[in-house]
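The values are calculated or read from the model by the stated rules, or taken from the named source; none is laboratory data. Computed from a predicted structure; not experimentally measured. Here the Cβ is made from the backbone with ideal geometry for all residues, glycine too, and neighbour counts use every protein chain on show. Heads up: the accessible areas ignore ligands, DNA and RNA and are worked out on the full protein's heavy atoms, side chains in. Shrake-Rupley method; radii C 1.70, N 1.55, O 1.52, S 1.80 Å.
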Amino acid sequence: MRIGELAARAGTTTRALRYYESRGLLPARRDAHGHRTYDERDLRLLRQIRVLRDFGFDLEETRPFVECLRAGHPQGDSCPASLVVYRRKLDELDALIGELQAVREQVGAQLARAESARDELAAEALVPGGPEPVCELGGHER
């Protein structure tokens, strides 16, 4: 198949395919007329790249999976180098989850403080002679 058909079947662009070729992830085969030619194996490589990219892997992280498929393995993640990339990605994800949990705790604590302060102001406003409620936009509530 030609580059346009491969791009359409893989759900990508011809520009992306040329880029993958320049990075050594996609083979550069040419027919007698100089046109790029591809087969079903190339489509499998692209699908593997696409799945990994959708999971947040950068392009270089897909290389061991592509090489595994090129070596004739039935799955791109059946080689030791692919497993190393999986483990590293899981470590990165665990670190990000930890950071997000810490941020969530901080935002939750800030929300609790803000709600408490709001409730105190509201309670004081109900006391005769207490402060008049003020709109957050700088005006007085009516």
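Structure notes:
- Dipole magnitude (debye, nearest 20) for the chain, charges at Cβ of Lys, Arg, Asp, Glu: 1420 debye
- When the chain is treated as a Gaussian network with alpha carbon springs shorter than 10 Å, the biggest mean-square fluctuation among L69, L121, L83 belongs to L121.
- Accessible area of the chain divided out per residue, in Å², using a probe of 1.4 angstrom: 71 Å²
- Using a probe radius of 1.4 angstrom, the carbon and sulfur fraction of the accessible surface of the chain is 56%.
- Local net charge near G56, Cβ-Cβ under 14 Å (Lys/Arg +1, Asp/Glu -1): -3
- Mean separation of Cα contacts under 8 Å, 6 or more apart, over the residue count of the chain: relative contact order %: 11 percent
- Viscosity 0.692 mPa s, 37 °C: Kirkwood-radius Stokes-Einstein D of the chain over Cα pairs, µm²/s: 165 µm²/s
- Point-to-point label distance, V51-Q110, nm (Cα→Cβ direction, 7 Å offset): 4.0 nm
- Legend: calculated FRET efficiency, R41 to L83, from the Cβ-Cβ distance at R0 = 22 Å, rounded to 0.05, equals 0.50.
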